[in-house]
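Peer 1: Pasting in a structure now, in structure tokens, and then I'll have a few things to ask.
The values are calculated or read from the model by the stated rules, or taken from the named source; none is laboratory data. Just so you know, these numbers come straight off a predicted model, no measurement behind them. Don't worry about glycine lacking a Cβ; one is built from the backbone with ideal geometry, like all the others, and counts go over all protein chains shown. Protein only, heavy atoms only, side chains kept; ligands, DNA and RNA dropped before computing areas. Shrake-Rupley method; radii C 1.70, N 1.55, O 1.52, S 1.80 Å.
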Amino acid sequence: MLNYSGSDAHAREIALHYANTLKTDTLLMAIIAGKAPVTCAKEATLLAEFYWQMLDLSASDEKHGVAVLGEVHNEHWMQRLLNIIGGYLEQNGYADEWETVCDRY
């Protein structure tokens, strides 16, 4: 499962904010929350796609001065989420899915 230990707890909150904004389904929401593991390539692809959709929305929010959880500039958290999500997928056998999605964005 995704690990948001220590100072990464805020990254989890930002990811959940965007998951709600993007109206993700219940299973993906549980994965993003760190309550369920990725169990197949399809879920890995959905999680990777979520990251890039979240990044695009975060950039748009910053451009328009929209504060997310009290912060307008969330680049640091987007970088942490890149490491958390990408690292998780790579460590759990879904590097190909991660790379395929990254190549599309």
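Peer 1: Can you find a residue in segment 65-81 that is in contact (Cβ under 8 Å) with a residue 12 or more places away in the chain, buried (at least 19 other Cβ atoms within 10 Å of the Cβ), in contact with a Gly (Cβ under 6 Å, 6 or more places away or on another chain) and in a helix (DSSP H, G or I)?
Peer 2: no
Peer 1: Just need a number here: residues in segment 87-105 that are crowded, with 20+ Cβ neighbours inside 10 Å, assigned to a helix (DSSP H, G or I) and among the hydroxyl-bearing types (Ser, Thr, Tyr).
Peer 2: Going through segment 87-105 one residue at a time, the tally reaches 1.
Peer 1: Okay, moving on. Filter segment 1-11 for residues that are open to solvent by 60 Å² or more (accessible area, probe 1.4 Å) and either of a type in the set (A, V, I, L, M) or under 24 Å from TYR94 (Cα atoms) (or both) and give the result.
Peer 2: MET1, ASN3, SER5, listed by residue number.
Peer 1: Would you confirm, using the coordinates I've provided, whether ILE84 is of a type in the set (Val, Ile, Thr) and either open to solvent by 20 Å² or more (accessible area, probe 1.4 Å) or touching a residue at least 40 places away in the same chain (Cβ under 8 Å) (or both)?
Peer 2: Working: of a type in the set (Val, Ile, Thr): yes; either open to solvent by 20 Å² or more (accessible area, probe 1.4 Å) or touching a residue at least 40 places away in the same chain (Cβ under 8 Å) (or both): yes.
So ILE84 fits the description; yes.
Peer 1: Right, something else. Report, ordered by the first and then the second residue, all pairs with beta carbons closer than 7 Å, sequence separation of six or more or different chains, a first member in segment 27-43 that is at positive phi and in a helix (DSSP H, G or I), and a second member that is open to solvent by 40 Å² or more (accessible area, probe 1.4 Å) and among the basic types (Lys, Arg).
Peer 2: Note: no pairs meet the criteria.
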